[in-house]
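To start, the structure itself, in structure tokens.
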């Protein structure tokens with residue numbers, strides 16, 4: 001998304017706002033769907049509303065995607081938890097270097113992966129999505145989730161362990 005379009009949207013130009021939201025929708029839809037599962041569409045809608053309402057507060061148009069991702073993750077976790085707030089877990093554990101994607105056999109369908117993900121807590125799905133689908137490092141995930149880096153390590157470790165256990169069961 002070019003900076004000029006974002007700036008026009010921030011000033012209230014409806015066509016530019018529509019272009020910004022249209023550009024973000026597929027990316028944010030993947031994030032919301034992977035974290036909130038069946039509530040993914042609702043989470044995406046809430047994220048888009050929040051983005052439209054708060055776009056003027058975005059200081060740097062170049063940061064649009066990261067800013068929108070943060071909103072989408074927050075809304076997806078909230079939707080997955082049924083609207084409840086997200087507790088912070090300050091525990092610190094070293095992550096296990098296991099990529100859940102590497103555990104998926106060639107014959108596995110997205111439906112099977114989704115079923116395993118459905119058994120995980122929303123916070124666990126969020127860290128898996130941010131790490132393995134979006135490629136964020138721990139510091140970036142901590143910023144997006146609004147938690148300490150140690151919390152991200154802990155959640156990632158637990159999410160990978162839980163995914164692995166459910167996948168091999």
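The values are calculated or read from the model by the stated rules, or taken from the named source; none is laboratory data. All of these numbers come straight from a predicted model, not from anything done at the bench. All Cβ positions, even for glycine, are placed from backbone atoms using ideal geometry, and neighbour counts span all protein chains on display.
Within the bounds of the stretch 83-90, is there any residue that is within 22 Å of residue 30 (Cβ to Cβ), at pLDDT 85 or above and not in a helix (DSSP H, G or I)?
Taking every residue of the stretch 83-90 in turn, none turns out to be within 22 Å of residue 30 (Cβ to Cβ), at pLDDT 85 or above and not in a helix (DSSP H, G or I).
Condition check ((1) more than 23 Å from residue 112 (Cβ to Cβ); (2) touching a residue at least 24 places away in the same chain (Cβ under 8 Å); (3) not in a helix (DSSP H, G or I)) across all residues:
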position: 128; (1), (2), (3): no, yes, no
position: 142; (1), (2), (3): yes, no, no
position: 153; (1), (2), (3): yes, yes, no
position: 167; (1), (2), (3): no, yes, no
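Here is a yes/no grid of residues against (1) within 19 Å of the chain's Cα centre (by Cα); (2) closer than 18 Å to residue 125 by Cα:
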position: 3; (1), (2): no, no
position: 15; (1), (2): no, no
position: 29; (1), (2): yes, yes
position: 38; (1), (2): yes, yes
position: 46; (1), (2): yes, no
position: 49; (1), (2): yes, no
position: 65; (1), (2): yes, no
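What's the total number of residues in the stretch 22-57 that are buried (at least 19 other Cβ atoms within 10 Å of the Cβ) and in contact (Cβ under 8 Å) with a residue 40 or more places away in the chain?
Number of matching residues: 10.
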